[in-house]
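K.L.:
Sending over a structure as structure tokens; questions will come in a sec.
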Amino acid sequence: MREFDSYPTPEARERELADLVAKASATIPGTELIEYGRSVEHRPLHVVRVPSPAAGAVPRVLVCANTHGPEFIGNRVCVGMLAKLIEDPPPPLRRLHERAELWLAPCLNPDGYARTHALDGVGSLARLRHNHRGVDLNRNWPLPAGARRLPLPGAGSSTPGDATYRGPAPLSEPETAALDQLLTSQKFHASANLHSFMGTLFPPRVRTRADSLAYARLCEALRQAQPHTRYLRIASRVFDTFTGEQEDHQHHTHGCWSVCVECFSFRASLAQSFARRVPLFWRFNPRDPRPWVDNDVPAVAAFLLAALDLPPPVSPRASRTDP
């Protein structure tokens, strides 16, 4: 990806993360880089655990990114949380670390990242978005108990080759299966899943008014912490549907407050790509990720921090498979 100097190669991304963990461990004892699984092409799936200085047991929170191959800006925001925690954390991130153990998984789809990089960001959405087996990892999660998948655009396709192909079965992919094991073992209290590029917030599809109001407050805490671009929350208990996305599974199966954050705004994306022959990559990522890292790091921390003041969502720890 020769022209994309603001975004690291797959190898440089891994070195950067290891270097940041080594630097963090010097000031935050116990910080560690954990391999929680392997991708289809046997690349490591890494998560960083950053212990809290608080005494005794503390809740755990999780930030994930890059479940879709070309969405590099989410990776930059997730890595930026660790970098800013080491250097000069914004107040929401500092307070979050004081109260919770922070887990960071910057690249859930390293095969898709590597393919996007190798192709210089050129290709169809399906070509760049999927894992190595052509599966949209954010449609590969089980539906909540009693839910059904409606035949709507984007709701998860059963046709191989489609941009939202959900795979042969829920958790059929090593990337989602490994992450689900991590969710089960660590029992995270809250999570933010970083995507791009619509500048929007998608909480889970919830069934109660209480949960809907809770997510409205959590998303507003996120928005208020964004210094220059505030994202729009999109949610409806009436018109939303279950699609096999990660935040639905986390909320309903794992009892975890969760949100999808579409980093980078539609307006900014349009400004840099409209009427120009540019790779698909530039629809999803800003030329300079730094302003968006500065915008979104404190906001993600504010969402997670606000969630700590709530009890875990009450949901049955059960899910079903598609027929």
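K.L.:
Using a 7 Å offset from the Cα along the Cα-to-Cβ direction at both Ala55 and Ala177, what is the distance between the two label points in nm, to one decimal?
P.N.:
Spacing of the two 7 Å Cα→Cβ label points: 4.4 nm.
K.L.:
Can you give the FRET efficiency to the nearest 0.05 for Ser158 and Thr208, using r as the Cβ-Cβ distance and R₀ = 51 Å?
P.N.:
0.95
K.L.:
Just need the Rg to Rh number for segment 181-237, please, alpha carbons only, Kirkwood Rh.
P.N.:
For segment 181-237, the value is 1.00.
K.L.:
What distance in nm lies between label points placed 7 Å from Cα along the C-beta direction at Glu41 and Ala216?
P.N.:
Computed distance between label sites Glu41 and Ala216 equals 4.5 nm.
K.L.:
Measuring from label point to label point, each 7 Å out along Cα→Cβ, what is the Ala145 to Arg276 span in nm?
P.N.:
In this crude label model, Ala145 to Arg276 measures out at 5.1 nm.
K.L.:
Using a 10 Å cut-off on Cβ atoms, rank the peptides 106-117, 19-30 from the highest mean neighbour count down.
P.N.:
106-117, 19-30
K.L.:
Just tell me, in residue order, which DSSP H segments of the chain are both 20 angstrom or longer along the helix axis (alpha-carbon based) and at least 0.5 in mean Kyte-Doolittle hydropathy.
P.N.:
Helices meeting the criterion: 72-87, 290-307.
K.L.:
Between Asp19 and Asp309, what length comes free when the chain is fully extended (0.36 nm per residue of separation minus the Cα-Cα distance, one decimal in nm)?
P.N.:
Answer, rounded to one decimal: 101.1 nm.
K.L.:
Express the relative contact order of segment 1-122 as a whole percentage, based on alpha carbon pairs under 8 Å and six or more residues apart in sequence.
P.N.:
Relative contact order of segment 1-122: 33 percent.
No lab work stands behind these numbers, since they all come straight from the coordinates. Model, not experiment: these values are computed from the prediction. Cβ coordinates were reconstructed from backbone atoms using ideal geometry, including for glycine residues, and neighbour counts include every protein chain displayed.
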